[in-house]
Every structure is written in C-alpha cells, then in structure tokens.
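Following: one structure in structure tokens, then a few remarks.
The values are calculated or read from the model by the stated rules, or taken from the named source; none is laboratory data. These numbers come from a predicted model, not from an experiment. Here the Cβ positions follow ideal geometry from the backbone for every residue, glycine too, while neighbour counts run over all protein chains shown. Side chains are part of the model used for accessible areas, which takes the heavy atoms of the whole protein and leaves out ligands, DNA and RNA. Shrake-Rupley method; radii C 1.70, N 1.55, O 1.52, S 1.80 Å.
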Amino acid sequence: MGITARGIGLLVVAVALLGAGFRFGYPELTLLGAAAGIAVAVAVVIAARRPRLAVHRQADPDRVARGEPAAMTLTLRNAGRLRAASLLATDRCGDRVVPVPVLRLRPGADTTVRYDVPTTRRGVVPVGPLRVTRRDPLGLVVLARSYGGSVPVWVHPRIHPLSAVPTGAGRSLDGRVDAVPHGSITFDSLREYVVGDELRRVHWRTSARVGELMVRENVDTSLPRIVVLLDNRAAAHPDRADGVAESFEAACEAAASVVAAAVREDLPVALLFVAAAEPAAAAAPACGSVDLDGPGVGPLDRLAAVTLTDEGTLEAATGRLRRDRLGDTLVVLTGPGGRADLGYVGALRGAYPSVVVGVFGSAEPTPPDAAGLVVVDAPDGAAFAAEWDGVRRW
C-alpha cells in the first residue's frame, strides 16, 4: 500500500490544521484538520478492500518454435457481489506490461484480453501474474495486489529438416560391432536341432558338413542410441551481439534438429549439457513452477530453457560419457571457444563408434582431422543441416 502525493499533502495539511487549531484555539481549523485526517483514513479503508477476482489464462499454443506466432488469452471475472470500481490491471508478459480493462466490472461479469506473446528469441517466456491496482475515489491511497499465477510459454529452437539420423552400431553377444541403422535381428550362433524348431532356421550348409541338423540362433541387436552433447559453457561462445551468443543459438537449433530427426526415426536419443546443473531459475525467473526434470518436459523444452553458464568443463562431461557409455553415436555441438578442448572428445572414439563435432560461429575453419574427429564448421543451424548428409555415414 502506498499514499499518493495528493494523500501525503492532505495528511500534512491535516496535521498542520489540527496543530494550529489546538495551539491558537480556533475550532474551525481543528474541524478542517479532523475532516482531512478522516478523509485519508477512509481512503485507506476503501483501497484496502480486496476485490474478489477470478483469473483464467490460456496459451495458444504454449510451445512454439522460434519465430512462430503464439498468443495468450486472459479472462478476468468479478466473483464478488460489488461492482469492481476504480481498478487498474496489467498483465506481465516477459518484459512487457499489457493493460487489462476492468473499470467498473459488474458482479459476475468478465472481460477477456488476447495479446501476442513475443517469440523472437528462444527461451521460456513467463506470462503473469495479473497485477491489480486499486485507488480510492479521491486518489489519496493506492494498493497493488497480484492475482493468479504465471504460465510459461516455451519458445523452442528452430528445427531444420534432416534427411536421416546417423548410422549407429549394435553389439552382438560375441563382441562384434555391426552398423545397424534401425536395429535388426542378427545371427549369433549355431546349435543342434531340437524337435519343434522351425525348419526354415536350419543352416543346411553346416548341417551337411557336420552330419547333424544345425539351427541358427539369432539375437535382437539394440537400436542405435544417439547422444547429443550441447556445450553450454560461456567460454565456448565468447562472441555476443546485443547480449545474445548467436553461436549458442545455432548450436541449440542443431541439437533440436538432431533430436527431432531421431524421434521421427523412432530411435532412442539422449540430450546432455556440458554444464550438468541446468540453471532453470535463471532461464525462467518468474515461473517458479517450471521443473525441467518434471513430467511433460521434453528435450525441446530443455533446449528452450538452457542458458550459458560459467560452470562445468568439457573434460568432466566427456569423463561422464566415457564412464556411462550412453549410446553408439555421439554428436557434440560447441562454439569457437570450444575447439581447444576437442582432444577430450577425441578420446571418446573408443567408447562411441561414431563421433561428430559441430562448431558454430567460428571465423576460421577447424583444422582438418582435428583430434581425429569429423568436424562440421557451420555459421548456423541451417548450414549444419545442409552439411549433415555428407557426414551422417561415418
């Protein structure tokens, strides 16, 4: 609650009139001072009355790609028995303030406001809460309250179409490593025929050589698993334009494109960040309910919320990858500041049969065969997608 300049002036006048009336014995001045003081007190009581307002908001849609349109529909209803007079309401949408008309809203009536949500930048746009300001009729006291919660609108990176995802590798029981684009049933061993075995599984050439019926034993090789490692260290993306690291935005678009292609091909995919501790609070300061590890939050949501950080090292991230062996195909996406650490990625070639590195925003091309890796230099996500066909079969 705050007293306006008019209220402060009237309060000062009330004190002065009361003091002069009592000091010099003028009852008229005392009466005027008391009336001014009562006016301020009544204004406080009127402004302090909390109107009963119900707030409902709906994002349409709540998840969009960067640059696509998104809108927020806000419905405000007067749930009280009195007319909501002298109210000013504003809704918070990212860094914008949107006015909401609620002047003299009748009991049971509602008002609806629809406005566009900015999607020019990747991120989580917090929308809300509604801020309602109440004033007394004389404008002496003003009181602001918040109604409703905040709703996040997820602005995903742009997805560039990829013709295919990389060929992975499936490991058989005898230690073989075979290229399997989508998993397969693979021959593993031979055994003697048992009554009930299907004749189509008999290996006739071996049976003729050993003199007994021999049956093929097959195993189901696992689907190739794609692991995408996004370098979200501030040191890897040193160049800024208006506070935005375009190389990091391009790396996010490339990561989203690879993840989307893997999902389209029904292949398992894991999205990891070099800085394992994801700064969710920094990504969406007004959306306290956002949980990046909660249900319903997918990899594209994580790419929308991730930010650059000074924490984490590529050495530690590759150490975790070597220890856990999360897949067969590793895609590392970094910026010009990450080229000096590619030796740590090169050490993963024994654990991951297929390794490719995307370097974004570099003024100079990466030296050929850097750390023995396949390196794609690209200015943005679209250029990376264009180069993908040339490097997806490693």
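Quick notes on this one:
- Count of residues meeting criterion [crowded, with 17+ Cβ neighbours inside 10 Å and either of a type in the set (Phe, Trp, Tyr) or at pLDDT below 85 (or both)] in the stretch 354-369: 4
- From the options 341, 324, residue that is closer than 15 Å to residue 236 by Cβ, among the charged types (D, E, K, R) and open to solvent by 10 Å² or more (accessible area, probe 1.4 Å): 341
- Which numbered condition residue 243 misses (of (1) under 19 Å from residue 157 (Cβ atoms); (2) modelled with pLDDT of 90 or more): (2)
- Count of residues meeting criterion [open to solvent by 50 Å² or more (accessible area, probe 1.4 Å) and either in contact with a Pro (Cβ under 9 Å, 6 or more places away or on another chain) or under 20 Å from residue 117 (Cα atoms) (or both)] in the stretch 135-151: 2
- Options 325, 339, 320, 302: the member that is closer than 26 Å to residue 154 by Cβ and basic (Lys, Arg): 302
- Taken together, 108, 80 contain a single residue that is assigned to a loop (DSSP other than H, G, I, E, B), surrounded by fewer than 18 Cβ atoms within 10 Å (Cβ to Cβ) and in contact with a strand residue (DSSP E or B) (Cβ under 7 Å, 6 or more places away or on another chain), which is 108.
- When residues of the stretch 202-224 are limited to those that are modelled with pLDDT under 85 and out of contact with any helix residue (DSSP H, G or I) (no Cβ under 9 Å at 6 or more places or on another chain), the one most open to solvent (accessible area, probe 1.4 Å): 220
- For the stretch 87-110, the condition of being in contact (Cβ under 8 Å) with a residue 12 or more places away in the chain, more than 30 Å from residue 249 (Cα to Cα) and in contact with a helix residue (DSSP H, G or I) (Cβ under 9 Å, 6 or more places away or on another chain) holds for none of the residues.
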